[in-house]
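I have a structure here, written as structure tokens, and I will follow up with some questions on it.
The values are calculated or read from the model by the stated rules, or taken from the named source; none is laboratory data. These figures come from a predicted structure and were not determined experimentally. Here the Cβ positions follow ideal geometry from the backbone for every residue, glycine too, while neighbour counts run over all protein chains shown.
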Amino acid sequence: MGRAVAIDTVLVKLASRCNLDCDYCYVYRMGDQAWRLQPKIMSPETLEVLAQGLAALVADQDAPLSIVFHGGEPLLVGPDRFEAACSTIRRWLPSPVGLHVQTNGLLLSDAVIDVCARHDVGISISIDGPAWMHDRHRPDVRGRASHAAVVASIHRVLSHPTGQDLLSGLLAVVDLEADPAEVYAFFKSVGAPSVDFLYRDGNHDALPFGKSSVVSTEYGDWMVRLLDVYLADPSPIRIRLLDDMLRLILGGRAVKEGVGDEDYGILVVETDGSITKNDTLKSADGSDRFTETWTVHDDLKSIVSSTSFLAYHDSQKPSSPKCLSCPELRVCGGGMPTHRWSARAGLTNPSVFCEDQMRLIQHMRMRIAPRKVA
Ligand code: SF4
């Protein structure tokens, strides 16, 4: 057995379906139909075997990891099964193993919030911004608006006695047609402690929505405007992506994948217990599967030490000549693998957001230069 990848994040698909129908979803809207073959929810038996396997992995790598209940929409399992799932994980994997749920917020009832409080489950809620922009991208499966229900859920979490600790943050997808100042003001108004922004998915063969060419900078321009609003706020909320990039520019480290040159060990477990690659790769060529058919019944240590897994892990590293000689490689990191992809060159491209990131980084350097300690 060779070098083992240290796993820091495990995405557990508790449910394979969703009660929203987001127009940019990489699971259901990018042509990949594999979700149809998955059980709607993960069985208690599968979760039990997974939890045991992860406990052995944590002991072996001698480092904790974070487990994220994901989907689809993980809360579609219902409060009782959710309680059982949290209890199973915590029986095998107590703190300091992190446990989180990434939810669209529609099913975040008081009962579910109580479960999260009991089992120390951090809650991250997806919401894009004010109603007019959120609702045009994130209707429910019957086409109805979802914003009001999500905002009500955010307030429900925050009004829980431990709500400030439970709500780890909000997750938003950038809408280029929205004013960054309005989006930022919205997130402040709902009392969010932090918000993370994602760019719309795309690659060199299918450009992200709103990007007119690989050399255009629509996303960079939007983020520059957001940065200026952020830096002008005397009591800002945290914006993970901007904070990570600013920290990297100042010589520190990022805390999450997407920027910087850290490697992240990510394991994805589908509802049937199969182990796949990071599922954002679905939006590239459906290359989110290993050639091996691994499940939670296999030895996880053998999986993360295998040649295939190491190759997948190493594919996070940028490999295009342009990135390898880029002066901003340490900050940008070359982008997410899915954003580097093309049919012709695979992942050996710069990010499709290369020019956007360059524009943002240069603006950051200009803005923080006077603040540097002499
Ligand atoms: S994607 Fe562009 S900005 Fe990022 S490291 Fe590669 S060349 Fe540099």
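Can you tell me which condition V296 does not meet? The list is (1) in contact with a helix residue (DSSP H, G or I) (Cβ under 8 Å, 6 or more places away or on another chain); (2) at pLDDT below 95; (3) aliphatic (A, V, I, L, M), and all the others hold.
(2)
Residue check: is Q362 within 16 Å of the ligand (Cβ to nearest atom), touching a strand residue (DSSP E or B) at 6+ places or on another chain (Cβ under 9 Å) and not β-branched (V, I, T)?
It is false that Q362 is within 16 Å of the ligand (Cβ to nearest atom), touching a strand residue (DSSP E or B) at 6+ places or on another chain (Cβ under 9 Å) and not β-branched (V, I, T).
Please go through (1) under 11 Å from H363 (Cβ atoms); (2) part of a loop (DSSP other than H, G, I, E, B) for L231 and return the number of the only condition it doesn't satisfy.
Unmet condition: (2).
Any residue that is touching an Asp or Glu at 6+ places or on another chain (Cβ under 8 Å), of a type in the set (A, V, I, L, M, F, W, C) and closer than 30 Å to C116 by Cα - is there at least one of those in the range 180-197?
Yes.
Residue check: is L267 away from the ligand (no atom under 16 Å from the Cβ), touching a residue at least 40 places away in the same chain (Cβ under 8 Å) and not in a helix (DSSP H, G or I)?
yes
Moving on to the next point. Taking the range 316-335 as the search range and keeping residues that are more than 20 Å from the chain's Cα centre (by Cα) and touching a residue at least 12 places away in the same chain (Cβ under 8 Å), which one is farthest from the ligand (Cβ to nearest atom)?
Within the range 316-335, the match that is farthest from the ligand (Cβ to nearest atom) is S319.
I'd like the full set of residues that are in contact with a helix residue (DSSP H, G or I) (Cβ under 7 Å, 6 or more places away or on another chain) and either surrounded by fewer than 16 Cβ atoms within 10 Å (Cβ to Cβ) or charged (D, E, K, R) (or both), limited to the range 109-130.
S109, D110, A111, D128
Any residue at all in the range 190-201 that is surrounded by fewer than 19 Cβ atoms within 10 Å (Cβ to Cβ), at pLDDT below 95 and assigned to a helix (DSSP H, G or I)?
Within the range 190-201 (the criterion being surrounded by fewer than 19 Cβ atoms within 10 Å (Cβ to Cβ), at pLDDT below 95 and assigned to a helix (DSSP H, G or I)), the answer is no, since none of the residues qualifies.
For R247, state whether it is in contact with a helix residue (DSSP H, G or I) (Cβ under 6 Å, 6 or more places away or on another chain) and of a type in the set (D, E, K, R).
Criteria not met by R247.
Which numbered condition in (1) under 15 Å from R17 (Cβ atoms); (2) at pLDDT 95 or above; (3) outside any helix (DSSP H, G or I) is the only one that R81 fails?
R81 satisfies every listed condition except (3).
Being assigned to a helix (DSSP H, G or I), more than 11 Å from the ligand (Cβ to nearest atom) and in contact (Cβ under 8 Å) with a residue 60 or more places away in the chain is the filter here; which residues of the range 336-356 pass it?
Of everything in the range 336-356, just one residue is assigned to a helix (DSSP H, G or I), more than 11 Å from the ligand (Cβ to nearest atom) and in contact (Cβ under 8 Å) with a residue 60 or more places away in the chain, namely T338.
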